[in-house]
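Quick notes on the structure that follows.
The values are calculated or read from the model by the stated rules, or taken from the named source; none is laboratory data. On a predicted model such as this, the values are computed, not experimentally measured, just so you know. Don't worry about glycine lacking a Cβ; one is built from the backbone with ideal geometry, like all the others, and counts go over all protein chains shown. SASA here: full protein model, heavy atoms, side chains in, ligands and nucleic acids out. Shrake-Rupley method; radii C 1.70, N 1.55, O 1.52, S 1.80 Å.
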Amino acid sequence: MKREKTEFKILEAYHGDSILIKTYDKDFNEFIILIDGGTATTFRYSLKKELNNISKIDLLILTHIDSDHIGGLIHLFTSKLIEKIEIGEIWFNHPEILRRGKGSNISVGQSESFLDLIKRVKPYTEILSIDKSMKKIDKNGIVFTILSPTNEILSHFENVYEDELKKAKKKVKKRKISIKKNDYGESLISLSENNYTPLKSIKDDIFNSTSIAFILQTLDLKFLLLADARPEVIEECLGELGYTINNKLDVDYVKISHHGSKNNTSQSLLSLINCSEYIISTNGGTADHHLPDRETIARIVHNKSRNKEKKLYLYFNYPVEVIARKIGNFISEEDLNNGNWIFQNKNEF
């Protein structure tokens, strides 16, 4: 099939991510990319419908193994629909793939299930481990500049994976509840002044830190797709690529990391980016984790290096009213009076 324009959808994936991109290569052949599958219920709710008329996914990317990214893919691979879809290549950082040739085979939970399903359902599809040392991957004019994860993060991930396997065998699971101060009474301008102080270190946040994040340059659009990546990792890599506050990365769209968590978006990272259209994928989060954080919105809107003469657009893949029913009125009329910005519910681009 021929194509001359890139289109993409940020699917309603509950508190997760699922992105479907339909673009084209230098020969105008259609090239379809599926990034993550959202939560387990995302497949039935939105992903299945989008894939019904697709015969080939050229590139399937599982950014990391959190359940709100891998769950929908497991349901895809256990459905009859997968029999009708050819998959060209899969990017997936699993210890068995990372250690290919080292004689090791460790797996845990949904990650283990997904790898087993790939082997059984799509045994001839190539699975690649991805890290930033690969730099650029060119798919006939569709260019991926890999920003995350680093080799160091993946090495630590392998060690943590072994620990998680031991816990899984013992069936030990502790529920962690996120308790945070409500900042709804504080203005966005004031919140934007708060320093970036993540709750966890990169190693203590290892599963998010393993996120495959990249710049995607199609023939007509440029994206910064951050999965749930850590801003310190992305900022360091952009610096290595020569981007500074005076030489910003120009992109058409930024998919904000980790559903708008303030732990994954820093002022210093945003100062390296020139963009007026930002996307946050969330339905308001879970009972334990309410997202997006107002502080993240504040950093985007009131970043000191942003040109406020140009209107900024903040897109949510769920109606704001739906999000607000979970987390309260996280955007006020007063917020919109400063910063030259608007928000919209928008899924299709």
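Look at the Cα gyration tensor of the stretch 1-157: its axes a ≥ b ≥ c give a/c of at least 1.5 with a/b at or below b/c, and that counts as oblate. When you restrict to C-alpha pairs under 8 Å that are six or more residues apart and normalise by the size of the chain, the relative contact order lands at 15 percent. Note that the chain presents 46 Å² accessible area per residue, ligands and nucleic acids not counted, probe 1.4 Å. The residues Leu59, Leu128, sorted by heavy-atom accessible surface at 1.4 Å with ligands and nucleic acids left out, run Leu128, Leu59 from largest to smallest. When the pairs Lys5/Lys304; Lys132/Lys248; Lys2/Lys49; Lys26/Lys135; Lys2/Lys310 are compared against a 25 Å limit on Cα-Cα distance, Lys5/Lys304; Lys2/Lys310 fall above it. Ranking Lys304, Lys132, Lys49 by solvent-accessible area of protein heavy atoms (1.4 Å probe, all protein chains present), from largest to smallest, gives Lys304, Lys49, Lys132. For the stretch 196-211, backbone phi angles converted through the Karplus equation (6.51, -1.76, 1.60; θ = phi - 60°) give residue-by-residue couplings of 6, 9, x, 6, 10, 6, 4, 5, 7, 10, 5, 5, 5, 5, 7, 3 Hz, Gly and Pro being listed as x.
Packing, taken as the mean count of other beta carbons within 10 Å per residue, orders the peptides 223-235, 183-195, 267-279 from highest to lowest as 223-235, 267-279, 183-195.
Annotation: the stretch 289-331 has a Kirkwood hydrodynamic radius of 11.7 angstrom, from the mean reciprocal C-alpha pair distance. Under 1.5 on a/c is rounded, so check that first for the stretch 230-305, then, if it is not, pick prolate when a/b is larger than b/c and oblate when it is not; a ≥ b ≥ c are the square roots of the alpha carbon gyration tensor eigenvalues. Prolate, because a/c is 1.5 or more and a/b exceeds b/c. Take every DSSP beta bridge whose two residues both sit in the chain; close to 50 percent of them are antiparallel. Among His302, His69, the order of accessible area from largest down is His302, His69, computed with a 1.4 Å probe on protein heavy atoms. Quick check: from the Cα gyration tensor, does the stretch 1-88 come out rounded (a/c under 1.5), prolate or oblate? Judged from the Cα gyration tensor, the stretch 1-88 comes out prolate (a/c at least 1.5, a/b above b/c).
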